[in-house]
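Trainee: Sending over a structure as structure tokens; questions will come in a sec.
Here, each number is a calculation from the coordinates, and none is a lab measurement. These numbers were taken from a predicted model, which means no experiment stands behind them. Cβ atoms come from the backbone with ideal geometry, glycine included; neighbour counts cover every protein chain shown.
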Amino acid sequence: MTAAVATRVAVLASGSGSNFQALIDAQVPIAVLVCNVPGVKCLDRAKAAGIDAVVLDHKSFESRDAFDNALIAELQSRNVSLVVLAGFMRLLTPRFLSAFPSAVINVHPSLLPAFPGVHSAKQALEYGVKLTGCTVHFVDEGTDTGPIIAQAAVPVLEGDDEARLQARIQVEEHRLFPAVVAAVVEGRLKLDGRKVVRG
């Protein structure tokens, strides 16, 4: 992606959409929100911001591949060139990732490669680390294994439980995620193998 080519951003979300709201608040240009769960708060956020929203209920598709094929068709029909995952609770198939090579970005609530998957704050507490945080990364076919773009550290405090720690991590997500997405949109970051470098 380069600054010379207009980047059309799609956000995929499944729930309340707090990271989606952080992108809106940072004035990241978003062409469309696609949500796989009807009636959730991220749809209200899109409406309030005047952003097109599409619901593709994954439960109405007979397979993961069928859902992803419909998702690909929807995004391609809108000339989307960058896909941003903001609390999207679906694993994407290799077919989807091949349709948007090196153009899918996610934010994860740990300092990857530590604590991939779900309940990362709980994992951090159980392991006893003193620092955790969040990671913005390109998505590949593994679980939270894609090239790391940026990270922010969050200390684990005495008396933390999962909810308190997750809330502090989310503060950093809301700061870091929009800044990274904006940098990619503006062509200031590029992928060189597994390394992300300034463009």
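Trainee: Rank Pro29, Val171, Ala124 by how far each Cα sits towards the positive end of the charge dipole of the chain (+1 on Lys, Arg Cβ; -1 on Asp, Glu Cβ) and give me just the farthest.
Mentor: Going by the Cα projections, it comes out as Pro29.
Trainee: Using only the Cα atoms, work out Rg/Rh for the range 9-198, with Rh taken as the Kirkwood radius, to two decimals.
Mentor: 0.95
Trainee: If you wrap a convex hull around the C-alpha atoms of the range 150-194 and split its volume per residue, what is the figure in Å³? Let's see the in-between values first.
Mentor: On the way: hull volume 3.6 nm³, N = 45.
Cα convex hull per residue, to the nearest whole number: 80 Å³.
Trainee: Would you mind checking the radius of gyration and Dmax of the range 63-156 based on alpha-carbon positions, in Å?
Mentor: When restricted to the Cα atoms of the range 63-156, Rg and Dmax are 14.8, 47 Å.
Trainee: How much net charge surrounds His119 when only the other residues with a Cβ under 13 Å from the Cβ of His119 are counted, with Lys and Arg +1 and Asp and Glu -1?
Mentor: Values: positive: Lys122; negative: Glu126, Asp144, Asp161, Glu162.
Residues near His119 contribute -3 overall.
Trainee: Then there's this: Among Arg8, Arg188, rank each residue by its count of other Cβ atoms within 10 Å, from fewest to most, as a rough exposure measure.
Mentor: Details: Arg8 17, Arg188 13.
Lowest count first: Arg188, Arg8.
Trainee: How much net charge surrounds Cys134 when only the other residues with a Cβ under 12 Å from the Cβ of Cys134 are counted, with Lys and Arg +1 and Asp and Glu -1?
Mentor: -1
Trainee: Shifting gears a bit: On a full-extension model of 0.36 nm per residue, what is the gain between Ser18 and Ala48, subtracting their alpha-carbon distance, rounded to one decimal in nm?
Mentor: Values: separation 30, 0.36 × 30 = 10.80 nm, distance 1.36 nm.
Additional length available on full extension: 9.4 nm.
Trainee: With charges set only on the Cβ (+1 for Lys and Arg, -1 for Asp and Glu), what does the dipole of the chain come to about its Cα centre, in debye to the nearest 20? Don't jump to the answer; show the numbers that get you there.
Mentor: Values: 19 positive and 20 negative charges, 89 e Å.
Using only the charged Cβ atoms, the result is roughly 420 debye.
Trainee: Suppose R0 equals 25 Å; then what is the FRET efficiency for Lys122 and Val55 from their Cβ-Cβ distance, rounded to the nearest 0.05?
Mentor: Working: r = 30 Å, r/R0 = 1.20.
Efficiency, rounded to the nearest 0.05: 0.25.
Trainee: Student exercise: in the chain, how many lysine pairs 8 or more apart or on different chains have Cα atoms under 28 Å apart?
Mentor: On the way: Lys41/Lys59; Lys41/Lys122; Lys47/Lys59; Lys122/Lys130; Lys130/Lys195.
Lysine pair count for the chain: 5.
Trainee: Based on the Cβ-Cβ distance from Lys130 to Lys190, what FRET efficiency comes out when R0 is 25 Å, to the nearest 0.05?
Mentor: Numbers: r = 33 Å, r/R0 = 1.33.
My answer for the efficiency is 0.15.
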